[in-house]
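Worksheet: one structure, shown below.
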Amino acid sequence: MKWFLYAISLIWISIGCCTILYTGETRNVAKKFVKGFDNKILAILPFIIGILFILSASASRHSWLIRLIGLIAVIKGVFIFTNPKNYSDKITDWYLNSLSDQTQRLYGVITLILGTAILSWIL
């Protein structure tokens with residue numbers, strides 16, 4: 001399952017770089033992506049990615065952290081699918097419309113660092 005860790009780390013590095021450098025454009029792409037799908041369909045993506053993280057944890061030096069990221073992704077998928085009290089819609093609206101550019105760039109930095117760390121931890 002090394003291929004998944006390589007793929008996700010390179011995707012996170014590229015998303016982090018784009019978020020830092022092109023904050024507004026990245027936000028617009030995310031808005032178009034989220035608005036184009038139903039929440040029930042979008043919930044499948046983090047759920048499957050979480051399962052793949054859990055399965056690929058043995059290919060990493062820090063398998064406990066990879067499993068934790070996978071568990072968080074599975075929980076996020078279930079949360080988006082169930083959407084209690086429309087919290088998922090409120091969080092998505094906050095992230096896409098109310099978040100400042102500086103905070104968006106901070107998320108880009110965190111994504112870039114996490115992607116680089118995962119890439120360096122692959123056995």
*Count charges around Asn83 for me, please; just the other residues with Cβ under 13 Å from its Cβ, Lys/Arg as +1, Asp/Glu as -1.*
+1
*Taking the Cα centre of region 2-121 as the origin and placing charges on Cβ (Lys, Arg +1; Asp, Glu -1), which of Ile20, Gly77, Ile110 is farthest toward the positive end of the dipole?*
Gly77
*What is the gain in length, in nm to one decimal, between Ser63 and Ala117 on full extension, counting 0.36 nm per residue of separation less the C-alpha to C-alpha distance?*
18.2 nm
*Extent along principal axes [Cα atoms of region 1-62; Å; largest to smallest]*: 36, 30, 15
*Treating each Cα of region 20-114 as an identical point scatterer and ignoring solvent, apply the Debye formula and state log10 I(q)/I(0) at q = 0.13, 0.22, 0.25 Å⁻¹.*
-0.54, -1.20, -1.23
*Do any of Lys35/Lys76; Lys31/Lys90; Lys32/Lys85; Lys2/Lys32 go past 22 Å between their Cα atoms, and which?*
Lys32/Lys85; Lys2/Lys32
*List the relative contact order of the chain as a percent without decimals, with contacts defined as Cα pairs under 8 Å and 6+ residues apart.*
47
*For labels at Ile48 and Ile11 in the simple 7 Å Cα→Cβ model, what's the distance in nm?*
0.9
*asked:* If neighbour count is taken as other Cβ atoms inside 10 Å, put Arg61, Arg27 in order from fewest to most.
replied: Arg61, Arg27
*Length added when fully stretched, Phe79-Ser100, from 0.36 nm per residue minus Cα-Cα*: 5.1 nm
*Based on the mean of other beta carbon atoms within 10 Å per residue, what is the order of 11-18, 101-108, most packed first?*
11-18, 101-108
*Quick one: which residues, 5+ away or cross-chain, put their amide H under 5 Å from the amide H of Ser60? H built at 1.01 Å from N.*
Leu123
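Values in this text are rule-based calculations from the coordinates and carry no lab data. Quantities reported herein were computed from a predicted structural model and do not represent experimental measurements. So basically every Cβ, Gly included, is an ideal-geometry build from the backbone, and we count neighbours across all protein chains shown.
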